[in-house]
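First the structure, in the form of structure tokens, and then the observations on it.
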Amino acid sequence: MITHTSYGVEPWVLRESELHLGLLPQSESVFALANGHIGWRGNLDEGEPHGLPGSYLGGVYETHPLPYAEAGYGYPESGQTVINVTNGKIVRLLVDDEPFDLRYGRLRSHERVLDLRTGLLTRTCEWTSPAGSTVRVRSTRLVSFTQRAIAAVAYEVEPVDSRIRVVVQSELVANEQLPGRDGDPRAAIALQAPLEPEEHFAEGGRLRLVHRTRRSGLRVAAAADHTVTGPERTSVSSESSDDLARLTVTSVLEPGSALRLEKLVSYGWSGNRSLPALRDQADAALAAARHSGWRELADEQRAYLDDFWARADVEVDGDEEIQQAVRFALFHVLQAGARAEQRAIPAKGLTGSGYDGHAFWDTETFVLPLLTYTSPGAVAEALRWRQSTLPAARERAVQLGLRGAAFPWRTIAGSEGSAYWPAGTAAFHVNADIADAVVRYTAATGDTRFERDTGVELLTETARLWRSLGHHDPQGRFHIDGVTGPDEYSAVADDNTYTNLMARANLLAAADAVERHPRRAAELGVDEEESAAWRDAADAMHIPYNHELGVHEQHAGFTRYQRWDFTSTRPDQYPLMLHFPYFDIYRKQVVKQADLVLALYKCSPFFDEEHKARNFAYYEPLTVRDSSLSACCQAVIAAETGHPGLAYDYLVEAALMDLEDLEHNTRDGLHIASLAGTWTALVAGFGGLRHHGDTLEFAPRLPERLSRLAFSLEVLGRRLRVEIGQDAATYTLAAGEPLEIRHHREPLTVDADKPHSLPIPEQRPRPAPDQPPHRRPNSRG
Ligand code: BGC
């Protein structure tokens with residue numbers, strides 16, 4: 001397990017000062033570079049040793065049959081899994097006949113630095129070969145935000161004390177051998193050799209490999225170009241075969257001299273384009289990158305990130321580790337989504353193959369809110385991706401006997417990839433989560449064109465789904481039965497409160513949107529009767545409530561179930577799903593992850609203050625946090641209901657999920673939703689941000705541990721800066737028309753002339769809620 005002490009605590013960089021081979025799998029995820037289109041795990045340049053070699057392209061997957069012991073109607077027959085595409089990172093080194101391999105010889109120093117402002121990953125090391133030759137190696141890597149098809153490596157080697165002969169091999173390698181699967185269902189199916197060779201090429205410094213996936217029929221091209229600088233008599237040659245294209249550089253280096261290689265790598269892929277067209281695409285991207293050159297690419301990267309940080313930075317005074325962690329989180333969320341451009345944003349981003357590279361509700365519920373207020377363009381693109389998958393979602397709805405669109409629980413290309421019905425297709429709430437993201441994006445940006453072209457269709461098709469999935473009972477109440485909410489430890493249950501409230505918002509938003517866009521509504525075949533039926537269903541939505549306990553039920557009948565036997569459950573039996581049968585988990589009161597508590601946040605106006613407090617106190621002792629998506633939601637409601645210390649502990653858990661490898665599976669890729677949740681815990685938790693309808697509300701309150709929290713939000717073309725101290729909050733508008741907000745329910749007009757400071761009212765303290773034994777978050781707040 002990585003302990004955070006493996007990395008120094010610095011505000012803008014993540015520094016690993018020593019190499020621990022046992023930690024390589026995790027650090028490959030932590031040091032992954034991506035732009036949403038290309039993802040390179042933080043593998044060592046020389047390729048070995050490794051935990052998991054990983055180079056990914058957003059949307060590139062292979063299909064495989066989904067096996068069932070007992071298949072049923074409507075079970076998806078084919079799954080999709082992300083594949084490790086051609087590896088362009090590899091630069092191998094031979095020092096006086098010895099391969100540079102850290103498992104041999106003596107590693108005198110090794111440092112890796114991920115700089116969150118420059119976007120560069122730098123590695124510096126000194127190594128003495130078993131034969132006694134010492135070299136200094138420095139490599140710098142980037143995956144470009146500005147040229148999305150491009151990644152690059154600058155590699156330098158120099159002798160430390162005596163003359164050495166070096167051979168550097170810069171490669172493109174396809175079909176790398178992957179380690180086997182360890183039985184954890186959250187890991188990926190490793191598909192061996194998924195790429196069929198179509199073309200290989202090497203000439204001078206230029207390399208290219210084109211492959212095609214066997215079943216999904218996607219063509220992938222990777223190309224590289226090099227600039228070599230070295231002493232006289234440095235020689236260069238290149239060669240290629242089906243799965244390997246290689247540039248070989250040979251030189252003799254005297255002390256004081258160095259060999260430098262700049263490698264530009266481009267990727268292109270397509271399900272439609274021909275081999276010549278794709279080859280040209282990869283070459284053209286490379287030509288553009290060559291035109292810029294390494295230096296300019298690095299400068300563009302810095303400028304792109306400067307711009308991002310000006311919009312998105314969150315400043316935290318009082319806990320340096322959290323300051324670093326939130327920037328690390330923001331950086332990785334940006335990397336996951338920045339240039340995804342109408343492709344899925346997977347749960348692991350492009351940092352690993354965990355969950356087979358699938359995108360879940362994580363995207364709309366956790367990632368898009370952050371991006372909405374910091375990089376809204378990426379949100380529009382992500383939702384356009386959902387729109388582009390509507391044909392598959394409509395087909396799935398038909399298959400299920402429903403109307404509208406049934407979006408998949410997990411997918412890469414749009415079709416349902418979950419082979420497990422109860423925690424897959426039955427989790428229909430993903431449809432309302434997509435609608436919620438549409439509504440938030442539109443409210444935050446006022447992008448009416450997006451609403452007309454994309455929003456109305458997504459809202460309509462999801463509203464149709466809810467209307468056909470639910471039914472009115474004889475008393476007129478609307479129920480949605482037999483669904484799974486966010487808590488995957490309850491399944492196929494009736495009237496899940498979160499689902500019903502989110503569906504209600506979905507139905508109303510759809511009815512409002514078609515009124516605003518009558519022409520678009522007519523194109524989609526929506527008439528007044530249909531939208532009236534949506535409103536009726538919304539108005540009659542049943543929300544189960546236990547009058548005796550005075551709490552909302554997670555789903556109808558939930559509070560009547562037997563409680564899970566927490567006292568007999570040993571700490572090593574978590575996560576429960578790996579140690580107990582689902583049938584037993586499903587029929588007990590035990591909550592994997594915030595569900596009703598998530599409803600308290602996402603559907604905030606529905607609950608009064610007293611119910612928020614009572615519900616939170618009821619569900620806390622049942623919630624085991626076997627999903628990394630939980631802590632940030634609990635942080636938000638703990639903060640709102642008067643438990644700032646507990647909220648802080650949950651914030652810390654979300655923030656350090658990967659830096660401390662809390663779930664022991666960071667090796668499979670980063671937990672992007674939890675990273676985004678770090679922002680949520682701070683901005684919605686301690687900043688109290690809620691955005692319902694047109695109202696942007698804040699209810700800021702800091703935990704004792706922090707002396708200041710500051711963040712910015714992009715709202716309706718303006719930048720609002722919020723700075724929170726222990727006693728007062730200050731709202732400043734960078735420029736533009738005045739903005740109406742609320743501060744602890746009081747209306748406030750923020751104009752660009754001056755900062756507005758308002759006092760923070762006292763919060764009513766409440767008795768601390770319990771957590772299940774062994775599941776209390778580490779205390780820090
Ligand atoms: C959670 C889901 C989540 C998935 C991917 C599961 O463990 O229960 O809510 O979507 O992980 O992050």
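The values are calculated or read from the model by the stated rules, or taken from the named source; none is laboratory data. Note that the structure is a prediction, hence the values are computed from the model and not measured. Cβ atoms come from the backbone with ideal geometry, glycine included; neighbour counts cover every protein chain shown. We work out accessible area using only protein heavy atoms, side chains counted, and drop any ligands, DNA or RNA first. Shrake-Rupley method; radii C 1.70, N 1.55, O 1.52, S 1.80 Å.
Below is a table of values for the structure above.
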{"quantity": "Dipole axis of the chain (+1 Lys, Arg; -1 Asp, Glu on Cβ), positive-most option in Val750, Ala435, His37", "calculated": "His37"}
{"quantity": "Rounded to the nearest 10 Å², the accessible area of Arg764 at probe 1.4 Å", "calculated": "140 Å²"}
{"quantity": "Volume per residue that the Cα convex hull of the chain spans, once the total is divided by residue count, Å³", "calculated": "161 Å³"}
{"quantity": "Per residue value of the accessible surface for the chain (all protein chains in place, 1.4 Å probe), Å²", "calculated": "36 Å²"}
{"quantity": "For region 13-275, size of Cβ-based charge dipole, Lys and Arg +1, Asp and Glu -1, in debye", "calculated": "600 debye"}
{"quantity": "Estimated inter-spin distance, Asp280 and Glu704, nm [label 7 Å along Cα→Cβ]", "calculated": "6.8 nm"}
{"quantity": "Nonlocal amide H pairs with Arg410, under 5 Å, H built at 1.01 Å", "calculated": "Gly417, Ser418"}
{"quantity": "Region 13-275: radius of gyration over Cα atoms, expressed as a fraction of 2.2 N^0.38 Å", "calculated": "1.07"}
{"quantity": "Electrostatic dipole magnitude of the chain [Cβ: Lys, Arg +1; Asp, Glu -1; Cα centre; debye, to 20]", "calculated": "560 debye"}
{"quantity": "Cβ charges +1 (Lys, Arg) and -1 (Asp, Glu), total dipole of region 312-451, debye", "calculated": "820 debye"}
{"quantity": "In nm, spacing of pseudo-spin labels at Glu196 and Arg764 (7 Å Cα→C-beta vector)", "calculated": "6.9 nm"}
{"quantity": "Of all accessible heavy-atom area on region 585-679, the percent that carbon and sulfur account for (1.4 Å)", "calculated": "52 percent"}
{"quantity": "Charge context of Leu600, other residues only, Cβ under 9 angstrom, K/R +1, D/E -1", "calculated": "+1"}
{"quantity": "Cα-projected label distance for Ser17 with Glu515, points at 7 Å along beta-carbon direction, nm", "calculated": "6.3 nm"}
{"quantity": "Rounded Å value of the spacing that divides the Cα centres of region 325-396 and region 262-301", "calculated": "23 Å"}
{"quantity": "Lysine pair count for the chain [Cα-Cα under 29 Å; pairs on different chains or 8 or more apart]", "calculated": "10"}
{"quantity": "Sparse-neighbourhood loop sites, GluC sites (Glu not before Pro) in region 623-711 - DSSP loop, at most 14 other Cβ within 10 angstrom", "calculated": "Glu704"}
{"quantity": "Full-extension gain in nm, Leu716 to Glu77, via 0.36 nm per residue minus C-alpha separation", "calculated": "225.6 nm"}
{"quantity": "Options Leu178, Ala193, Val143, ranked by Cα towards positive dipole end of region 116-258, top entry (Cβ charges)", "calculated": "Val143"}
{"quantity": "Of the trypsin sites (Lys or Arg not before Pro) in region 138-233, those whose Cβ has at most 10 other Cβ within 10 Å and which sit in DSSP loop", "calculated": "Arg233"}
{"quantity": "3J(HN,Hα) from dihedral phi, region 123-135, Karplus parametrisation 6.51/-1.76/1.60, rounded to Hz, x for glycine, proline", "calculated": "10, 10, 8, 10, 9, 10, 5, x, 8, x, 8, 10, 10"}
{"quantity": "Within the accessible area of region 275-371 (1.4 Å probe), percent carbon and sulfur", "calculated": "46 percent"}
{"quantity": "Charge-dipole axis of the chain as Lys and Arg at +1 and Asp and Glu at -1 on Cβ define it, positive-most pick from Pro255, Gly446, Val526", "calculated": "Pro255"}
{"quantity": "Modelled FRET efficiency - R0 22 Å, Ser109 with Gln177, Cβ distances, 0.05 increments", "calculated": "0.15"}
{"quantity": "Accessible surface of region 387-478 [probe 1.4 Å, protein heavy atoms]: carbon and sulfur percent", "calculated": "51 percent"}
{"quantity": "Helical contribution to [θ] at 222 nm, DSSP H n ≥ 4, -39,500 (n - 2.57), averaged over the chain, rounded to 500", "calculated": "-9000 deg cm²/dmol"}
